[in-house]
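Right, one structure below, let's go through it.
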């Protein structure tokens with residue numbers, strides 16, 4: 001498969017939390033320092049392993065939100081019945097340590113190559129790996145036409161909101177707020193549907209590359225809509241999250 | 001020796017230890033892991049084939065459904081860390097399908113709608129270890145979970161249970177499939193925690 005780098009064994013590394021950014025009331029980004037981290041490609045994820053006194057361990061996967069070459073950042077959404085996310089969102093503080101290994105995944109990645117426009121479609125915290133691509137695009141000065149279509153429940157639930165309000169050249173950001181909207185909101189206010197995709201997505205004839213990340217239902221709705229618009233299925237790369245508590 | 005994560009207590013093992021492999025947690029959900037859109041092939045255009053033997057063989061949907069089927073209740077383990085216990089399926093044993101083919105192969109590559117592939121040693125799909133499954137929980141298998149039919153190889157990580165499976169190609173040598181070319185382990189035994197390359 002093109003683009004798959006040859007990897008050695010992914011060993012567990014000790015990561016230290018060096019910063020924690022509250023992105024929204026339910027979402028936090030942890031900035032990590034891990035000796036031996038070999039870097040990543042935009043879109044990849046990593047595994048976290050927590051160990052309790054007594055030896056009990058729990059592992060979860062999280063997308064990397066930082067660009068390659070930046071301090072390593074993962075973004076975690078609090079799940080009420082979760083086991084790991086409450087710890088990472090509410091408990092962890094600077095100086096705490098846990099283990100990680102990665103990077104993982106060689107398909108849902110964007111290296112900044114190619115001239116085709118790039119369509120990024122995010123549902124909720126599914127924006128994290130797409131943000132790595134957006135930050136990478138800015139870091140390398142890419143002029144690739146890029147659109148982010150980002151569905152959130154409300155304006156307060158928009159992750160990376162300030163950063164997305166100052167997009168790098170050639171990046172367009174289109175929000176849709178599905179549950180509540182601030183007064184005076186003139187943007188989209190519904191779930192992604194065929195009409196909305198028809199207005200935001202390039203025609204299939206322009207050959208866009210597509211990355212979609214969100215819940216299964218969200219991803220299926222967006223991907224099915226694009227296939228109906230004539231997008232070749234292989235031009236659409238998806239990442240779906242289910243239980244990641 | 002792992003470091004202790006300050007303040008982490010966890011919930012403790014949430015399933016019988018002999019049924020939940022290392023690094024896994026039990027969920028009642030049925031999450032989906034797919035690399036692209038969900039393909040939808042009409043049943044009247046659907047076939048299942050085995051290639052790479054003395055002669056290629058193929059079954060239509062109705063022919064496959066007419067083969068002897070089995071009810072299967074197994075635990076499944078996804079490489080993304082969730083395990084789901086006592087999932088119930090109905091399908092045709094891969095042993096039954098392979099009886100129709102003369103071959104001396106040691107490996108198979110599964111091919112699926114949507115372009116997905118996954119590789120398996122023949123012994124991992126023989127002797128009652130693998131099925132082509134078409135119902136889940138007594139209902140026709142949903143497209144998002146691989147319907148109309150998916151491979152079911154529950155003793156390996158669930159990406160080996162290829163969704164939307166359409167053919168098995170019999171081979172002399174092992175070659176990596178889709179996820180196996182993208183960083184995931186060539187065999188994927190959850191009890192050995194064979195998640196990624198080098199595990």
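The values are calculated or read from the model by the stated rules, or taken from the named source; none is laboratory data. Every value quoted in this text rests on a predicted model; they were computed, and no experiment measured them. Positions of Cβ are generated from backbone atoms using ideal geometry, with glycine treated the same way; all protein chains shown enter the neighbour counts.
For segment A:198-219, give me each residue that is in contact with a strand residue (DSSP E or B) (Cβ under 8 Å, 6 or more places away or on another chain), closer than 13 Å to residue A:123 by Cβ and either in a helix (DSSP H, G or I) or not assigned by TED's automatic domain parsing to the domain that holds residue A:151 (or both). It would help to see each step written out before you state the result.
Keep residues of segment A:198-219 that are in contact with a strand residue (DSSP E or B) (Cβ under 8 Å, 6 or more places away or on another chain), which gives A:200-202, A:208-216, A:218-219.
Remaining after also requiring closer than 13 Å to residue A:123 by Cβ: A:211-216, A:218-219.
Scanning segment A:198-219 gives A:216, A:218, A:219.
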Report task. Quickly run through segment B:126-147 and pick out the residues that are part of a loop (DSSP other than H, G, I, E, B) and buried (at least 24 other Cβ atoms within 10 Å of the Cβ). Result -> B:130, B:146
Query raised in the report: Considering only strands (runs of 3 or more DSSP E) fully contained in segment B:1-100, which possess at least 1 residues that are within 30 Å of residue A:232 (Cβ to Cβ) and at pLDDT 95 or above?
Result: B:47-51, B:57-60
Requested in this report: Looking only at segment B:171-191, decide whether some residue is away from every other protein chain (no Cβ under 14 Å), within 22 Å of residue B:98 (Cβ to Cβ) and not in a loop (DSSP other than H, G, I, E, B).
Outcome: yes
Report task. Go through the residues of segment A:121-135 one by one and say whether even a single one is surrounded by fewer than 23 Cβ atoms within 10 Å (Cβ to Cβ) and in the same structural domain as residue A:172 (by TED's automatic domain parsing). Result -> yes
Report task. Can you tell me which residue among B:22, B:56 is within 14 Å of another protein chain (Cβ to nearest Cβ) and surrounded by fewer than 18 Cβ atoms within 10 Å (Cβ to Cβ)? Result -> B:22
Requested in this report: Filter segment B:91-103 for residues that are free of Cβ contacts under 8 Å to residues at least 60 places away in the same chain and either surrounded by fewer than 20 Cβ atoms within 10 Å (Cβ to Cβ) or under 13 Å from the mean Cα position of the chain (by Cα) (or both) and give the result.
Outcome: B:93, B:95, B:96, B:99, B:100, B:102
Report task. Within segment B:34-42, identify whether any single residue is under 16 Å from the mean Cα position of the chain (by Cα) and either surrounded by fewer than 13 Cβ atoms within 10 Å (Cβ to Cβ) or in contact (Cβ under 8 Å) with a residue 60 or more places away in the chain (or both), and answer yes or no. Result -> yes
Query raised in the report: Is there any pair with a first residue in segment A:155-171 that is on the phi > 0 side of the Ramachandran plot and in contact (Cβ under 8 Å) with a residue 12 or more places away in the chain and a second that is outside any helix (DSSP H, G or I) and surrounded by fewer than 17 Cβ atoms within 10 Å (Cβ to Cβ) whose Cβ atoms are under 9 Å apart and which are 6 or more apart or on different chains, and what are they?
Result: A:170/A:143; A:170/A:145
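Which of the strands (runs of 3 or more DSSP E) found entirely inside segment A:25-98 contain at least 2 residues meeting this: at the interface with chain B (Cβ under 10 Å from one of its Cβ atoms)?
On the way: elements: A:27-34, A:45-51, A:57-63, A:72-77.
By residue number, A:45-51, A:57-63.
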Requested in this report: Determine whether residue A:189 is loosely packed, with under 15 Cβ neighbours inside 10 Å, more than 24 Å from residue A:72 (Cα to Cα) and in contact with a strand residue (DSSP E or B) (Cβ under 9 Å, 6 or more places away or on another chain).
Outcome: yes
Query raised in the report: Is it true that residue B:199 is without any contact (Cβ under 8 Å) to a residue 24 or more places away in the chain and touching a helix residue (DSSP H, G or I) at 6+ places or on another chain (Cβ under 9 Å)?
Result: yes
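Each row is one residue, and each column tells you yes or no for (1) without any contact (Cβ under 8 Å) to a residue 24 or more places away in the chain; (2) within 22 Å of residue B:32 (Cβ to Cβ).
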{"residue": "A:198", "(1), (2)": "no, no"}
{"residue": "A:201", "(1), (2)": "no, no"}
{"residue": "A:207", "(1), (2)": "no, no"}
{"residue": "A:211", "(1), (2)": "no, yes"}
{"residue": "A:217", "(1), (2)": "yes, yes"}
{"residue": "A:220", "(1), (2)": "yes, yes"}
{"residue": "A:227", "(1), (2)": "yes, yes"}
{"residue": "A:235", "(1), (2)": "no, yes"}
